[in-house]
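A.B. asks: Next up is a structure, given as structure tokens.
Derivation of every value follows stated rules applied to the coordinates shown; laboratory data play no part. If you're wondering where the values come from, they're calculated on a predicted model, not measured in any experiment. Note that we place each Cβ from the backbone using ideal geometry, even for glycine, and neighbour counts take in every protein chain shown.
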Amino acid sequence: MRLARVVGSVVSTRKHCALEGAKLLLAQPVDQRGADTGVVQLAVDAVGAGYGELVLLVLEGRAAGAALGQPGAPVDSAIVGIVDPRDGLTSDG
């Protein structure tokens, strides 16, 4: 599991049937200070995250599919939590 910041959304006109109705977001992995690390990930949103929010990103396919309630879904990453900004972390980067 990694920290990430939501940096955008993706619109898909066609999706695998297991992903119908799922929201796709772009998530930039960040370190504990909020600095960007690695490349932006396409992730399925399992918690209703929004632009700019600091989130928990799971990068394992089996865990990502389970987070959606679709264990066999073709998913590599999913947003599984929103970090409360009152915990001392910022999403300012």
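A.B. asks: For the modelled label position 7 Å from the Cα of ASP84 along Cα-to-Cβ, which residues of the range 1-33 have backbone nitrogen atoms closer than 19 Å?
C.D. replies: Correct set: 3-4.
A.B. asks: Now for a separate question. Taking the highest mean first, how do the peptides 33-46, 11-24, 72-85 order by number of other beta carbon atoms within 10 angstrom per residue?
C.D. replies: By packing density, highest mean first, the sequence is 72-85, 33-46, 11-24.
A.B. asks: Shifting gears a bit: Can you figure out the FRET efficiency of ASP36 with ARG14, using R₀ = 35 Å and their beta-carbon distance, to the nearest 0.05?
C.D. replies: My answer for the efficiency is 0.70.
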